[in-house]
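The values are calculated or read from the model by the stated rules, or taken from the named source; none is laboratory data. Quick caveat: nothing in here was measured; it's all calculated off a predicted structure. Here the Cβ is made from the backbone with ideal geometry for all residues, glycine too, and neighbour counts use every protein chain on show.
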Amino acid sequence: MREIVASELERIGDERLEMVTVTAVNVDASLERAEVFYSALSAEEDGRSEEVAEALEEVRWPIQKLVNKEVRARRTPQIQFRQDTVLTTALRIDEILRDMSDRGELIDTPDDVTIAQAASATATASDRGGSDADDAGVGAPSSDEDVTRE
């Protein structure tokens with residue numbers, strides 16, 4: 001489902017959705033709802049998060065129709081778009097830790113990259129109610145099957 005939604009967003013060609021990445025899809029056990037998590041860092045930086053959310057809502061129904069057609073299941077879930085804040089949170093934590101390090105407020109700390117990776121894994125697990133193993137590769141293009149969590 002993740003690939004279907006991502007491909008369709010790309011095909012639609014709406015300028016407001018140019019830098020939107022589908023990061024994960026959570027489908028409930030009853031197949032009634034699918035939360036499609038997306039990241040739009042450049043839009044956040046430009047203050048266009050609301051614009052992206054509105055654009056996604058406008059294209060939700062055409063994408064829903066495609067999912068209904070492409071997914072072979074007794075029932076297809078209703079798509080709901082949700083902003084994925086994991087990467088934004090990890091970047092903010094990394095920025096805070098770098099600032100503290102630059103001011104000499106951190107003592108005996110691991111490498112900044114390790115801190116950011118740990119923060120990202122922790123935020124990923126807690127934001128979506130899964131474990132960090134569930135989200136390996138979040139944000140990276142993938143040919144894997146849909147990400148499904150209960």
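Results, tabulated for the structure shown:
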{"read-out": "Matching residues, the range 15-37, being surrounded by fewer than 22 Cβ atoms within 10 Å (Cβ to Cβ), touching a Leu at 6+ places or on another chain (Cβ under 9 Å) and of a type in the set (Ser, Thr, Tyr)", "value": "THR21"}
{"read-out": "Condition check for ARG16: within 18 Å of the chain's Cα centre (by Cα), closer than 18 Å to LEU87 by Cα, modelled with pLDDT under 90 and among the basic types (Lys, Arg)", "value": "no"}
{"read-out": "Positions within the range 40-57 being charged (D, E, K, R) and either surrounded by fewer than 13 Cβ atoms within 10 Å (Cβ to Cβ) or touching a strand residue (DSSP E or B) at 6+ places or on another chain (Cβ under 6 Å) (or both), in sequence order", "value": "GLU45, ASP46, GLU50, GLU54, GLU57"}
{"read-out": "Positions within the range 77-94 being buried (at least 19 other Cβ atoms within 10 Å of the Cβ) and either assigned to a loop (DSSP other than H, G, I, E, B) or at pLDDT 90 or above (or both), in sequence order", "value": "PRO77, ILE79, PHE81, ASP84"}
{"read-out": "Cβ-Cβ under 9 Å pairs, at least 6 apart or on other chains, the range 73-87 side among the aromatic types (Phe, Trp, Tyr), far side surrounded by fewer than 14 Cβ atoms within 10 Å (Cβ to Cβ)", "value": "PHE81/GLU57"}
{"read-out": "Those residues of the range 31-57 which are among the polar types (S, T, N, Q) and in contact (Cβ under 8 Å) with a residue 40 or more places away in the chain, in sequence order", "value": "SER39"}
{"read-out": "Checking LEU66 against (1) surrounded by fewer than 12 Cβ atoms within 10 Å (Cβ to Cβ); (2) in contact with a helix residue (DSSP H, G or I) (Cβ under 7 Å, 6 or more places away or on another chain); (3) not polar (S, T, N, Q), the condition it does not meet", "value": "(1)"}
{"read-out": "Test: residue in the range 105-115 that is modelled with pLDDT under 80, on the phi < 0 side of the Ramachandran plot, touching a Leu at 6+ places or on another chain (Cβ under 7 Å) and among the acidic types (Asp, Glu)", "value": "yes"}
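Every residue, every condition in (1) part of a loop (DSSP other than H, G, I, E, B); (2) over 28 Å from ARG72 (Cβ atoms), yes or no:
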{"site": "VAL5", "(1), (2)": "no, no"}
{"site": "MET19", "(1), (2)": "yes, yes"}
{"site": "VAL22", "(1), (2)": "no, no"}
{"site": "VAL25", "(1), (2)": "no, no"}
{"site": "SER30", "(1), (2)": "yes, no"}
{"site": "ALA34", "(1), (2)": "no, no"}
{"site": "PHE37", "(1), (2)": "no, no"}
{"site": "ALA43", "(1), (2)": "no, yes"}
